[in-house]
Each structure stands twice: as structure tokens, then as C-alpha cells.
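Read through the structure below, which is laid out as C-alpha cells, and then see the notes.
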Amino acid sequence: MALFFDIDPPETWLSPDASPVIIAGPCSAETEEQVIETARELAKIPMVRVFRAGLWKPRTRPSQFEGVGDTGLQWLSRVKQETGLKIITEVASPVHVEKALGAGFDMVWLGARTVVNPFSVQEIGEALKGSHIPVLIKNPLNPDLTTWLGALERISRAGIKKLVAVHRGFSYYKHSPYRNDPMWEIPIELKRLFPELPVFVDPSHICGNVELLSVISQRAIDLEMNGLMIESHIRPQEALTDRQQQITPENLSNLLSGLIFRKPSGSQEFQSQLEELRSEIDKIDQQLIDIIAQRMGIVEQIGKYKKVNKITILQLKRWNQIFRERIKDGEELGLSREFIMKLLEIVHEESIQRQINVMNKKE
Ligand code: PEP
Ligand code: MN
């Protein structure tokens, strides 16, 4: 994908030792006391480097609390002065950018609802021109990597070289234990495409509750994500926004000390054993590909046969039978039903496509 990305390598500005950057703070700034009290407690946690608080809150309904706005700018400046924490807030318009830059914010983030609108992103980009602060870009609500990339690219074109993508989960039509489904494959694909681009994870908006926070945080660390943004409120039960998902600074401290930071590589012996296992995997993958290619060859033969005999491609009865039998076989071998179903679905889709191609081919 030919995208325009001219970014500073994260080790030069974000985290020289590659340790994850922890951002914490309330969903919204509500009162000066709430902001200062929360920040003082968070500043005692060594891993927390950045204090977050939303000033202009994107809310679903106009009757809901929409943030304290400009009033809160000075509360956060005070946090910076008194605790030494860096400060960040959400910007959704050029006016917000101007105010945040004027108040000495160290970073800003673009929220999930702003990222979907290229006009807004463009205007924010224009307003950021000439500033060198890091800009964090959350993923859009819908599971669409292209929109996310588009917003990153647009901000990058405005000359921002300190870019971070923030994974905050995606809205999902199926039932899920999460407020926003993590769909890890999307941030992983982003990392694969742009290994230089740091990716943070926002477990609070993924989970929507406090129970799952540590599992998602650990997963983020295990996937070598570069930071976490976690909502923390001095008195979560009184929070005016996202009450169920905010944790106390004390609980955040426990959560962070419970995380296991694994090394990306180990000893010589470990490495050589790992290499051995990996080469076995390589062989098996090769066999898998050969077998799938063989299957598709037979599928095409069937397609030709159906064509000659004027038979329809999709034979539901046969397909349902395959599904049932394969799931049973797979389960007996310890493979999950969900996995087999996914696998069969993509194999089936490709098989149908192959047969359509055969049918359409003029001979
Ligand atoms: C937030 O961080 O409080 C927020 C509104 O996030 P998002 O844009 O991810 O919903
Ligand atoms: Mn929130």
C-alpha cells in the first residue's frame, strides 16, 4: 500500500528503552479537585507518564454532560506544573487544537467519532501545522483499517512526525463481552504494514467495564503494543461519563504491577529450540498450502462437471453435511468449533469463487 508516512522512529522520542508508555486519567475533567486529586495519585505510579482528561466530550445525546470545555485547560496545566506528568486531551476541531496548543498540552488525540470524517481530520491537520507535538489517532468506531490509515496519513501530511495509532476496539453487531470488540487482527495488520508506527491500546473503551481491563492490557503487552491508555478516576462511582469503566488510581497501580512484560527474544538455547519448532511449522504450512491447492484443483474439476451437466454451484445440503462432519472431526482433535467454522467458511468461499470462474469461462 503506497501511503504517505514520514514519521520519526518511536525510540527517538517516545520510549528510548521501548518500555510501554502508560497514559492514565479520567474520561472527562469534571472539577478542578477531581482532576488534581486524580493526577496526584497517578503521579505516584512510576509507570504512568501522561495524564489524560477529556475537555470537549463527544456524546451521543445533547442532554448528556458534554465536558467542561475551555475551563478545564488550566486544570490540566496545573497538573503538568505540579506533578510533572505530560498532559493530553481530545481535539475535534481547529479551535480545540489552538486552545490545547496555547495551554501547553504535550500531546493531543483524535477520537473515534472524528477520525471517520476526512473534513474534520483535514482541518485539525491544518491547525496542527507547524507544531511538533505527538498526535494520537484512535481507530474509527467501525472495523475499517482503511479509514484509520486515511486519518493517520492525513495528519502525517500536515507535517506531524510523532504519530501514534490508538486501538480502542470496534463496534460489533454480534454479542460480545466487550463494549467495543478488540478484533486484534486489525491492529496486528496495521503493525505488519507499518512496523515503525507505534500502536497504543485503550483497554477502557474496549472493555466498557473494569473486570476485563487487566486481561486486555496483558494481551496488548503480549502483542508488543507500545502503550496503554487507561481511564482512571479518583471516585469512579461519581464519574459523569464512562462510569463503569474507570478505575481508581490504586487499582490502576495494582493492575500495572500485575502485568507480565515478556522479552521479545530469549537465551541462545531458547532461540535454537524455537528455530527448530519454527522450521517444523514452516514445513507444515507448506504442506497445508499444497493440500489446499490440491483441494481447489478438485473443486474446479467438480465445477466443470457441474457446468457440463447444468447443475447449480451451491449445493446447500452437501455443504451442511460437510460442515457438520468437519466440525465433529475437528473437535475430536481438540480444535474449537469456532475455528473450524471460520476455516471452512473461507475455504468454501474460495471454492465457490473457483466454480463461478469455471462456469463463466467461455470455451
Ligand atoms: C475517550 O477517550 O474518552 C473517548 C471518547 O474515546 P473514543 O473516541 O475512543 O470513544
Ligand atoms: Mn471515555
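Roughly what angle does helix 118-128 make with the longest principal axis of the chain, taking Cα atoms, 0 to 90 degrees, to the nearest 10?
For 118-128 against the chain, the angle is about 40 degrees.
Between residue 37 and residue 286, what is the FRET efficiency for a Förster distance of 56 Å, r being their Cβ-Cβ separation, to the nearest 0.05? Walk me through the numbers before you get to the answer.
Numbers: r = 59 Å, r/R0 = 1.06.
E(calc), rounded to 0.05, equals 0.40.
In the range 199-281, which GluC sites (Glu not before Pro) fall in coil by DSSP and have 15 or fewer other Cβ atoms within 10 Å?
Details: sites: 211, 224, 231, 238, 250, 269, 275, 276, 280; in loops: 211, 224.
Within the range 199-281, the qualifying GluC sites (Glu not before Pro) (loop, at most 15 other Cβ atoms within 10 Å) are 211, 224.
Mind checking the angle between helix 316-332 and the chain's longest principal axis? C-alpha axes, 0 to 90 degrees, to the nearest 10.
That helix lies at roughly 70 degrees to the long axis.
Could you estimate the translational diffusion coefficient of the range 297-357 from the Stokes-Einstein equation, with Rh from the Kirkwood formula over C-alpha pairs, at 4 °C and 1.567 mPa s, in whole µm²/s? Intermediate results must be reported in sequence, preceding the final value.
Values: Rh = 12.5 Å.
For these conditions, the coefficient is 104 µm²/s.
With a 1.4 Å probe and all protein chains in place, put 310, 162, 99, 361 in order of accessible area, largest first. All intermediate terms of the calculation are to be shown ahead of the outcome.
Working: 310 175, 162 50, 99 70, 361 135 Å².
Largest accessible area first, the list is 310, 361, 99, 162.
How tilted is helix 145-157 with respect to the longest principal axis of the chain? Cα atoms for both, answer in degrees (0 to 90, nearest 10).
Around 40 degrees separate the two axes.
As an exercise, use a Förster radius of 35 Å and the Cβ-Cβ distance of residue 346 and residue 270 to find the FRET efficiency, rounded to the nearest 0.05.
Values: r = 34 Å, r/R0 = 0.97.
The calculated FRET efficiency here is 0.55.
Placing +1 at every Lys and Arg Cβ and -1 at every Asp and Glu Cβ, with all other atoms neutral, what dipole size does the range 97-178 have around its Cα centre, in debye to the nearest 20? Intermediate values should be presented prior to the final figure.
Numbers: 10 positive and 6 negative charges, 31 e Å.
Computed charge dipole of the range 97-178: roughly 140 debye.
Could you work out how far apart the two model spin labels at residue 101 and residue 318 are, taking each label as a point 7 Å from the Cα in the direction of the beta carbon, and quote it in nm?
So the two model labels end up 6.4 nm from each other.
Would you check the accessible area of residue 352, probe 1.4 Å, heavy atoms only, in square angstrom rounded to 10?
Residue 352 exposes around 40 Å² with every protein chain in place.
Using the basic label-point model (7 angstrom from Cα toward the beta carbon), what is the residue 176 to residue 302 distance in nanometres?
Inter-label distance under the simple model: 3.3 nm.
Given +1 on the Cβ of Lys and Arg, -1 on the Cβ of Asp and Glu, and no further charges, what dipole in debye does the range 10-258 carry about its Cα centre, rounded to the nearest 20?
On the way: 26 positive and 29 negative charges, 63 e Å.
So the dipole magnitude of the range 10-258 works out to roughly 300 debye.
Write down the Kirkwood hydrodynamic radius of the range 84-185, to one decimal in angstroms, obtained as one divided by the mean of 1/r over all alpha carbon pairs.
Numbers: mean 1/r = 0.0717 Å⁻¹.
That comes to 14.0 Å for the range 84-185.
Taking R0 as 35 Å, what's the FRET efficiency between residue 193 and residue 331 from their Cβ-Cβ distance, rounded to 0.05?
Details: r = 35 Å, r/R0 = 0.99.
Computed FRET efficiency for residue 193 and residue 331 comes out at 0.50.
Could you quote the convex hull projected area for the chain, Cα atoms only and averaged over all directions, in nm²?
On the way: hull surface 94.4 nm².
Answer in nm², one decimal: 23.6.
If you count only protein heavy atoms and use a 1.4 Å probe, how large is the accessible surface of residue 192, to the nearest 10 Å²?
150 Å²
Pick from 161, 307, 191: which residue has the top mean-square fluctuation in a GNM of the chain where Cα pairs under 10 Å get a spring?
307
Just to be sure I understand: of the beta bridges DSSP finds with both ends in the chain, what percent are antiparallel, rounded to 5?
Working: 1 of 29 bridges.
Antiparallel: roughly 5 percent of the beta bridges in the chain.
Any idea how far the Cα center of the range 240-301 sits from the one of the range 129-168, in Å?
Between the Cα centre of the range 240-301 and that of the range 129-168, the gap is 26 Å.
Where does each of 331, 90 land when they are ordered by accessible area, with a 1.4 Å probe and the largest first? Could you put the intermediate results ahead of the total?
On the way: 331 95, 90 15 Å².
Largest accessible area first, the residues go 331, 90.
Could you tell me the accessible area of residue 181 in Å² (1.4 Å probe, neighbours in place), rounded to the nearest ten?
Taking all protein chains as shown, residue 181 has close to 30 Å².
Can you find, among 72, 176, 355, the residue farthest towards the positive end of the dipole of the chain? Put +1 on the C-beta of Lys and Arg, -1 on that of Asp and Glu.
355
For the range 174-209, which GluC sites (Glu not before Pro) are both in a DSSP coil and crowded by at most 14 other Cβ atoms within 10 Å? It would help to have the intermediate numbers written out before the result.
Values: sites: 185, 189, 196; in loops: 196.
Answer by residue number: 196.
The values are calculated or read from the model by the stated rules, or taken from the named source; none is laboratory data. This structure is a prediction, so every number in the text was calculated from the model and none was measured. Cβ: placed from backbone, ideal geometry, glycine included. Neighbour counts: every protein chain shown. The accessibility values were calculated without ligands, DNA or RNA, using every heavy atom of the protein model including side chains. Shrake-Rupley method; radii C 1.70, N 1.55, O 1.52, S 1.80 Å.
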